[in-house]
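Bear in mind these aren't lab numbers, they're just calculated from the coordinates by the rules spelled out. In this text, all values refer to a predicted model and were calculated from it rather than measured experimentally. Here the Cβ is made from the backbone with ideal geometry for all residues, glycine too, and neighbour counts use every protein chain on show.
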Amino acid sequence: MLYAGGIARGSDEKAIHEVSGMTKIRYQQSDVFEPLSLQWKNGEFELKFTQPLAEDSGITGQSFAAFSWGMQNTQNYGGPKVGDRAHRVEVTKISENRRSVRLRVEGIREGRVLNLRVSPKLKSEAGEALRSGDAFYTMTKLPGLEQPTLLTTADSTEILRSGGWFDWGGDELGASVYQTYCMACHRKDKQPGIAPSFAGLYGSQRKYTLPSGESVTGLADEAYLRESILEPNAKLTDGYAPGLMPMIGGQLSKDQLDALVKYIKGIK
Ligand code: HEC
């Protein structure tokens, strides 16, 4: 049994009450399908999964999106990401039990954080979809390897567009953005959660409060979805705490945002 505690801070007492407290987590004797570990071994990455991959998983380098960035040191708390770039991935080996794959990630360098994202299309042997497809690795030191000379750095979406090796679009990209940034709060089924479910959201009538305090009913069309993502405080959905929905929109590229909106529209 695991007890997890959380505290929130801020000036909103109601929101703090809703997200603070203790949660009891009981192990259900079943593992979800997701990345278990990411390790650097002899010039390649080894990615282990919690369950074996489907025999016909079709896993290739295109099943991955890899991004890396450096962190700029500042005198403040935290600093900005710098030198964001995308990397081509090649699968060099799939283990016999299909629980791990070896990956060559082109152009990996010291002092950078790698985010490896696995395609949501990948299935386990039992036919299960990934619960989360993200794995991270901070390459503090690259042992025994000559540092490659400066490689092209550019905005990752730009590289992705020109790269051609990586063609996640539409649903696949949208699903991956949803898993990374939204799934923790917004469910895809109709179950209640700490945030409104995305099921049937698009095209429904919403009741919300404007910052002026005025109560309004309006249609959840595409403009409403975009505004909710980019300016979470513009409209407060009835029955939910203010200030919970984070400002994630600014971190998304145009392609990511478009794919995400399309994906949410499709959740029935
Ligand atoms: C920490 C929890 C949290 C995360 C993460 C989060 N949201 Fe929200 N979101 C909320 C809450 C709470 C509300 C309702 C209150 C409000 O309107 O701000 C909300 C409201 C919304 C609404 C309006 C829904 C309605 O019923 O009218 C949309 C659309 C939305 N979020 C999209 C997103 C998207 C897309 C992401 C991921 C990029 C995301 N949210 C991430 C908590 C979250």
In deg cm²/dmol, rounded to 500, what helix-only [θ] at 222 nm does the chain give when every DSSP H run of at least 4 residues adds -39500 (n - 2.57) and the total is split over its residues? -5000 deg cm²/dmol
Is any residue of the stretch 80-116 close enough, with backbone N under 15 Å, to a label point placed 7 angstrom from the Cα of N42 along the Cα-Cβ axis, and if so, which? 92-96, 101-104
Gyration tensor on Cα atoms of the stretch 179-265, a ≥ b ≥ c root eigenvalues, a/c under 1.5 rounded, else prolate if a/b beats b/c, else oblate, says rounded
For the pairs K14/K207; K190/K265; K14/K265, note any where the Cα-Cα span goes beyond 23 Å. K14/K265
Compute the signed sum of charges (Lys and Arg +1, Asp and Glu -1) over the other residues within less than 9 Å, Cβ to Cβ, of F49. +2
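Can you bin the stretch 27-127 into rounded, prolate or oblate? Criterion: square roots of the alpha carbon gyration tensor eigenvalues sorted a ≥ b ≥ c, rounded for a/c under 1.5, prolate for a/b above b/c, oblate for the rest.
Here the stretch 27-127 falls in the prolate category.
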State the extension gain, in nm to one decimal, for the chain segment bounded by A234 and E18, taking 0.36 nm per residue of separation less the distance between their alpha-carbons. 75.7 nm
Hey, with R₀ at 41 Å, roughly what FRET efficiency would K190 and T138 work out to, going by the Cβ-Cβ distance, to 0.05? 0.60
Suppose each label sits 7 Å from its Cα in the direction of the beta carbon; what would the E110-N97 distance come out to in nanometres? 3.5
Please arrange L252, L260, L36, L219 by how many other C-beta atoms lie within 10 Å of their C-beta, fewest to most. L219, L36, L252, L260
Residues other than I248 with Cβ under 13 Å of its Cβ, Lys/Arg counted +1 and Asp/Glu -1, net out at 0
Can you tell me the FRET efficiency between N76 and M183 if r is taken as the Cβ-Cβ distance and R0 is 25 Å, rounded to the nearest 0.05? 0.25
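With a ≥ b ≥ c taken as the square roots of the eigenvalues of the C-alpha gyration tensor of the chain, please select rounded if a/c is under 1.5 and otherwise prolate if a/b is larger than b/c or oblate if it is not?
Details: a/c = 1.71, a/b = 1.54, b/c = 1.11.
Because a/c hits 1.5 or more and a/b exceeds b/c, the chain counts as prolate.
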By a straight-distance test (C-alpha under 26 Å), which lysines pair with K141 as possible cross-link partners, with residues fewer than eight away in the same chain excluded? K41, K48, K81, K93
Label-point separation in nm, S204 to S253, each point 7 Å along Cα→Cβ: 3.2
Straight distance only, please: which aspartates and glutamates reach the Cα of K254 with their own Cα at less than 16 Å, same-chain residues fewer than 8 apart left out? D84, D155, E158, D167, D171, E172, E222, E227, E231
Relative contact order of the stretch 75-128: what whole-number percent is it, with Cα pairs under 8 angstrom and at least 6 residues apart? 24
DSSP-loop trypsin sites (Lys or Arg not before Pro) across the stretch 168-220, with at most 15 other Cβ within 10 angstrom: K190
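Using Cα-Cα distances under 8 Å and only pairs 6 or more residues apart, what relative contact order does the chain have, in percent? Let's see the in-between values first.
On the way: 474 pairs, mean separation 40.4, N = 268.
15 percent.
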